[in-house]
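Taking it in order: structure first as structure tokens, then the write-up.
The values are calculated or read from the model by the stated rules, or taken from the named source; none is laboratory data. Just so you know, these numbers come straight off a predicted model, no measurement behind them. Cβ atoms come from the backbone with ideal geometry, glycine included; neighbour counts cover every protein chain shown. Just so you know, the surface numbers come from the protein's heavy atoms only, side chains and all, with ligands and any DNA or RNA stripped out. Shrake-Rupley method; radii C 1.70, N 1.55, O 1.52, S 1.80 Å.
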Amino acid sequence: MLKSDNLVSNRQFFIARSFAWIMLLVLGLRYFQIQIVEHEIYRLKSNTNRIRKVNKNAPRGLILDRDGEILVDNYPVYVLTAIPGEMKDKGSQFKLIADYIESDSSIIHSSYKKYYRGRFIPTRLAKDMNFLQLGNLEENKLNLEGVYYDQIPERFFPNGVRAPHLFGYVKEIDRSIRKNLKNKDAYELGDLVGWSGLEKQYETFLMGQRGTSFYEVNASGREVGAAAELDNTRPIPGNNIRTTIDLQLQLFCENLMNDKRGVILVGDPLSGGVLAATSAPDYSPDFFTGLITESNWKNISTNPDKPLLNRYIQGTYIPGSIVKMITQAALLEQDNFDKNNKHHCPGFYQFGDRIFGCWFTDGHGDLNLVEAISVSCDVYFYKTVTQLNLKNLYDTFNQFGFGSKTNIDIPNEASGLVPDKGYMSKRYGKYGWSRGVLLNLAIGQGELLVTPIQILNYINLLSTKGRSPNSHFVFVDNLPQNVKPELSSEIWNNIHDGLRSAIVSRNGTGKKSDPKFNDFLVYGKTGTAENPHGENHAWFVGWADYNKEKYSIVILLENAGSGGAVAAPMAKKVFEKIIENSGFASR
Amino acid sequence: MINLKKLNISEAPWKIAFSASFLSFIGLVALSSISYQSPSIVQNPFYKQLFFLILAFSGFFITSLMPKYLIHKYAYVIYSLGIILVILPFFGVAHAGTYRWLNIGLPFNFQPSEFAKIFSVLALARYLSDNTINIQYFKSIIVPILIALIPALIVLNQPDLGTALVMVSVIFPMLYWSGARPFYLFLLVAPVFSILTAFNVIAFSIWALIIASVIFYANTKIIFGAGYFFGNIFFGLLSRPIWDTLNPYQQNRVLTFIYPEKDPLGAAYQIIQSKTAIGSGGLFGKGWGEGTQTHLKFLPVQESDFILSVIGEELGFIAIVVILITFGYLISSVIRNSFLSKDKFSSLSLIGLGSILLAHVFVNTAMTVGLIPVKGLPLPFISAGGTFLVTSYLMIGLIMRFSINYSD
């Protein structure tokens, strides 16, 4: 081949080729250095000195009450772990451990199977070790190759507040959970993630940042010190969240609801903060901490009283008379409606060929709107509601937030139901329903379904004449803004008059809720909701004006009878407690 | 039209293709060792690699049969397409904070920057093979530098320093091959070194001496030489005060970008574990499937970037030497074919493709033993990794095509 045939010179070819081979030679020499010359160093390092990376879980942020009292805390517990790949004989080692900690080797084995994630990943064998057990294990460390213990922070509840539905619980992340997490990179298997309630809603605040430590361990798996080459990072604890809950009031309400089924919500209408929230029956807040046995789970999940259900956001109830103020507002918005015009209540109302009864079968006689609210007359509303159509009423319900979620800051809220024409046609056929639906809706019966938290928002709006912010559990800067009713001050005043009259007038249905304390002005409405599944549900809703502050209250007692007789006296107890601790909403 | 008579298959350098397949076989051996505890077939690196190898071989046949004149004709079109491809990920979702991958609705993602590397080489080869330019002049190397720099800068922002460096690095051997004066190439790199050495007085002084002597030997005009020299000194002196104006967190970000080892949780830990794995392998290795370091899962990307740690630990220095010699044979064959090539476009394409392969081999192999900072570059033919494996075989296909001398 002639040299002139080529585009590049021999010299260029030689240099390029040498350059490539020299680069590879340098690499080869480096591998020679590490693999042959320094082999012994690395062999020792690999066989007798391994660097183990240990994650230190960050303690989750605390959950505080409005004054900074700790509601949900962390508590260090000791767990016993094993690195499967380092254990010599699992069966006999599990037996030994069982002896030392006075447990059963089958329990240890089942925990091992549940937590196993890989041959060299620490696997949990037992939890809640006490110092005696740890001491026993430490003494016999030589027989327990590959067995370690570790400290992990766990949730505990120092002040005796239960509120499991509010706080929620955390769950240990396993494979299937991690797959479905939104920001899965922030979590490793075995980390804790908020799974319900505030723990879930405020996960990003509470979670903190995991720390990592590096240890040198020798052949028998003992830590021989920190790994000098690598820096450890400390775990950064999660942020605390301050809730609007008042510890004392919350405890008081939880005690009131002991052995009962239902809800108490106490709120501050001026800020929207919830002061106390109970859903009864409940369960111990540490129920989900650690392993849940199958029988425990079966007991709680099949309990007919449904303790797992968070009644105040997920329970949907027929409201009964407590929503008559909606009808009142809708009526007052009609131009030709005269609120002072009296209607006669004979105790029943005939509509077509159907008879609609008033709850007071003797009849209320002649009454105007405020009096009708005061004694909760049904017939008054049957008669006047004919001036409305379904759309008017439906819109007013919507303005007060019914039929949609309140955006309360705990997850899985139900939206309830306000029937409109479309819904009724779908359910009963095009002509299967009639204006009788309107009569039912006017007194809060029929298809209407509400959640207690919607009722709290509704009461807050009534008490502040439509200015109350959304109900919420945690102090945050930007509350979601829901739709708010815009009514004239005349209408608001009429509503206030009716609700005040229900407490103070001679026949007022809410009389029993009044603690009769100076300057403590109670406004309220009782409800006795007919219920296809048994005894009536008793409601009391209302608020109190006290020293420029407002306290709203929602009480629901399932299948307990009449609102005036059972729910109102309970409201009185809560009001008395508020007077006793006076003035916390302002804090 | 392909003239089959002139396309002589027996002339094709089959040894290059066989070398690549042999390396892939070693890769499969290593992957099967670390695959045994994978939960499902889809996640199993061994089967994944087999699947991509089938794709890669088909790509290889397609590119090796592609007519040379078509490649030459559409080199700039393909290059522009490559630029669009590397911009596309920015409109998608970030993966681990980077915009390297395109989600194309398949169970795996596609990394367009891998293809862009080849396209840059082809565009450069086309430009430099043009007879109208005179490479002896400094100004005629400006355009090729821009050709290499544009996609590299986009990729740098993804951010992917390793791939960007590979894209830029092909420019030097290709310019050298097309006859550019080595002195000009030196002028190009010098400012970078001036900035880097400025942080150490001794290094900076030595560097200044080197610049001075190179300028002296190059026999340039005194004004140009002096101007260039003091320009570099000025650059160097300026870099320190500019650096000091940065916030500590900005400095840190730059440092971990260049030296990921500074992040002890990530790369430093990986390097220590990688070196321990390789070093403890010794001459013959611990045996297939017996690598304790590897199986402790200390290395997060052992199937791709750190596959050599697995091989070094389990199969030993012998296997490393075999791999390095195979790569050496492959790359020096490419250089030889480039040297023997009758047309300039083929010759330049070959040297460019060979440079990409060599850059990958060097960066990956040096990184696993801590010679250079960790860069996420996989090892050609051996590492698991969809797009890159396919690209590597596309390159082999092109190398085969360009190595066959025939006249159109």
Subset of segment A:276-321 that is β-branched (V, I, T), more than 27 Å from A:D174 (Cβ to Cβ) and assigned to a loop (DSSP other than H, G, I, E, B) - its residue that is most open to solvent (accessible area, probe 1.4 Å): A:T316
Subset of segment A:170-198 [closer than 30 Å to A:F131 by Cα and surrounded by 21 or more Cβ atoms within 10 Å (Cβ to Cβ)]: A:V170, A:L192, A:G194
So A:E69, is it in contact with a Gly (Cβ under 7 Å, 6 or more places away or on another chain) and either in the same structural domain as A:D174 (by TED's automatic domain parsing) or open to solvent by less than 50 Å² (accessible area, probe 1.4 Å) (or both): no
Filter pass, B:S178 being open to solvent by less than 40 Å² (accessible area, probe 1.4 Å), of a type in the set (G, A, S) and at pLDDT below 90: yes
Members of segment A:72-104 that are polar (S, T, N, Q) and surrounded by fewer than 17 Cβ atoms within 10 Å (Cβ to Cβ): A:S92
Subset of segment B:336-378 (residues that are β-branched (V, I, T), open to solvent by less than 10 Å² (accessible area, probe 1.4 Å) and away from chain A (no Cβ under 12 Å)): B:I356
Test set (1) free of Cβ contacts under 8 Å to residues at least 60 places away in the same chain; (2) away from chain B (no Cβ under 14 Å) - A:E40 fails condition number: (2)
Scope segment A:276-293; condition under 16 Å from the mean Cα position of the chain (by Cα), modelled with pLDDT under 95 and among the hydrophobic types (A, V, I, L, M, F, W, C); matching residues: A:A280, A:F287, A:F288
Residue among B:L156, B:L161, B:L188 that is open to solvent by 20 Å² or more (accessible area, probe 1.4 Å) and touching a Lys or Arg at 6+ places or on another chain (Cβ under 7 Å): B:L161
Condition broken by B:Q250, with the remaining ones in (1) modelled with pLDDT of 70 or more; (2) over 20 Å from the mean Cα position of the chain (by Cα); (3) away from every other protein chain (no Cβ under 14 Å) satisfied: (1)
Candidates A:Q151, A:Q201, filtered to the one that is open to solvent by 50 Å² or more (accessible area, probe 1.4 Å), out of contact with any Ser or Thr (no Cβ under 7 Å at 6 or more places or on another chain) and at pLDDT 90 or above: A:Q201
Residue identified as within 26 Å of B:S349 (Cα to Cα), over 21 Å from the mean Cα position of the chain (by Cα) and modelled with pLDDT of 90 or more among B:S19, B:S58, B:S80: B:S58
Whichever residue in segment B:278-294 is buried (at least 24 other Cβ atoms within 10 Å of the Cβ) and more than 7 Å from chain A (Cβ to nearest Cβ) and, among such residues, is modelled with the highest pLDDT: B:G291
B:I320, sole failed condition from (1) under 13 Å from the mean Cα position of the chain (by Cα); (2) within 28 Å of B:G291 (Cβ to Cβ); (3) in a helix (DSSP H, G or I): (1)
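One line per residue, one yes/no per condition, for (1) assigned to a loop (DSSP other than H, G, I, E, B); (2) modelled with pLDDT under 80; (3) more than 10 Å from chain A (Cβ to nearest Cβ):
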position	(1), (2), (3)
B:L299	yes, yes, yes
B:E314	no, no, yes
B:L324	no, no, no
B:F327	no, no, no
Evaluation of A:G444 against (1) out of contact with any Lys or Arg (no Cβ under 9 Å at 6 or more places or on another chain); (2) crowded, with 19+ Cβ neighbours inside 10 Å; (3) not in a helix (DSSP H, G or I); (4) not charged (D, E, K, R) (one fails), failing number: (1)
From A:S552, A:S501, A:S505, A:S562, residue being surrounded by 15 or more Cβ atoms within 10 Å (Cβ to Cβ) and under 27 Å from the mean Cα position of the chain (by Cα): A:S552
Neighbours by Cβ (under 8 Å, 6+ apart or cross-chain): first from segment A:82-106, among the hydroxyl-bearing types (S, T, Y); second modelled with pLDDT of 85 or more and open to solvent by 70 Å² or more (accessible area, probe 1.4 Å): A:S105/A:K95
Residues of segment B:302-312 that turn out to be out of contact with any helix residue (DSSP H, G or I) (no Cβ under 8 Å at 6 or more places or on another chain) and within 11 Å of chain A (Cβ to nearest Cβ), as a count: 0
Long-range neighbours under 8 Å by Cβ, at least six apart or interchain, first residue farther than 30 Å from A:M570 by Cα within segment A:233-258, second part of a loop (DSSP other than H, G, I, E, B) and of a type in the set (S, T, Y): A:I241/A:Y202
Yes/no for A:K324 being in a helix (DSSP H, G or I) and either farther than 26 Å from A:L461 by Cβ or open to solvent by less than 70 Å² (accessible area, probe 1.4 Å) (or both): yes
Residue match in segment B:379-401 (condition: open to solvent by 10 Å² or more (accessible area, probe 1.4 Å), among the aromatic types (F, W, Y) and within 9 Å of chain A (Cβ to nearest Cβ)): no
Subset of segment B:317-333 (residues that are buried (at least 24 other Cβ atoms within 10 Å of the Cβ) and not aliphatic (A, V, I, L, M)): B:F327
Subset of segment A:56-75 [in a strand (DSSP E or B) and not basic (K, R)]: A:I63, A:L64, A:I70, A:L71, A:V72, A:D73, A:N74, A:Y75
